[in-house]
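> Here it is: the structure, laid out below.
The values are calculated or read from the model by the stated rules, or taken from the named source; none is laboratory data. The model shown is predicted, which means the values in this text are computed figures rather than measured ones. Note that we place each Cβ from the backbone using ideal geometry, even for glycine, and neighbour counts take in every protein chain shown.
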Amino acid sequence: MDAAYLSALSALAGSTIGGLTSLGASWLTQHTQLKTQQVTQDRLRREELYREFIEEAAKLYADAFEHNEAAASKMVKLFALASRMRVLASPSVVESADRVIADIIATYLGPNKTFREIPEVLAHADVNALLAFSNACREELKLRRFFL
């Protein structure tokens, strides 16, 4: 084989390998960036969902302390948020959300409370299901941060 052919083939092979390496590196970089972006969007979606649930549950808790009966229309948004969690969240978060809903319903069914009685009621660990829900959410978000 002629030295000129060998030299040309070596240059062609080197260019091909260099191009494939560059293509592979670009693909890997894009793939990693896309995965990181998806994980970030998933986390933000969960944080927003959990925030909405906490805000709605807190409003309903306050309403439940003052009223004996809840209109079903007041609970619709809370039920909808809990259903969205069933799709996105871990079982522990969903269980905590269900406990919050059950506690709100039980509070509506119980006697009305005055503003002075509320700190006493909240002092009982079983009553503050929102705290358990918040902790479950925090744990889930903390675990998901490590699984990019």
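> Given the conditions (1) surrounded by 10 or more Cβ atoms within 10 Å (Cβ to Cβ); (2) free of Cβ contacts under 8 Å to residues at least 40 places away in the same chain; (3) of a type outside the set (Ser, Thr, Tyr); (4) more than 30 Å from Phe115 (Cα to Cα), report the number of the one that Asp42 does not fulfil.
(2)
> Check whether at least one residue in the stretch 15-38 is of a type in the set (Gly, Ala, Ser) and loosely packed, with under 10 Cβ neighbours inside 10 Å, and report yes or no.
Looking for residues that are of a type in the set (Gly, Ala, Ser) and loosely packed, with under 10 Cβ neighbours inside 10 Å, one finds none in the stretch 15-38, hence no.
> Could you please find all residues in the stretch 111-140 being modelled with pLDDT of 80 or more and either part of a helix (DSSP H, G or I) or in contact with a Pro (Cβ under 9 Å, 6 or more places away or on another chain) (or both)?
Those that are modelled with pLDDT of 80 or more and either part of a helix (DSSP H, G or I) or in contact with a Pro (Cβ under 9 Å, 6 or more places away or on another chain) (or both): Ala129, Leu130, Leu131, Ala132, Phe133, Ser134, Asn135, Ala136, Cys137, Arg138, Glu139, Glu140.
> Scan Ala82, Ala64, Ala70 and give me the residue that is in contact with a helix residue (DSSP H, G or I) (Cβ under 6 Å, 6 or more places away or on another chain), surrounded by 15 or more Cβ atoms within 10 Å (Cβ to Cβ), over 16 Å from Ala129 (Cα atoms) and among the small types (Gly, Ala, Ser). Steps first, answer last, please.
Values: Ala82 fails: over 16 Å from Ala129 (Cα atoms); Ala64 fails: over 16 Å from Ala129 (Cα atoms).
Answer to the check: Ala70.
> Would you confirm whether any residue within the stretch 55-71 is under 27 Å from Pro119 (Cα atoms) and within 16 Å of the chain's Cα centre (by Cα)?
First pass over the stretch 55-71, keeping only residues under 27 Å from Pro119 (Cα atoms): 55-71.
Within this subset, residues satisfying the condition of being within 16 Å of the chain's Cα centre (by Cα) are 55.
Yes, there is a match, as at least one residue in the stretch 55-71 is under 27 Å from Pro119 (Cα atoms) and within 16 Å of the chain's Cα centre (by Cα).
For every residue, the table says whether it meets (1) of a type in the set (Gly, Ala, Ser); (2) part of a helix (DSSP H, G or I).
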residue	(1), (2)
Leu12	no, yes
Gly24	yes, yes
Trp27	no, yes
Ala57	yes, yes
Glu69	no, no
Ser73	yes, yes
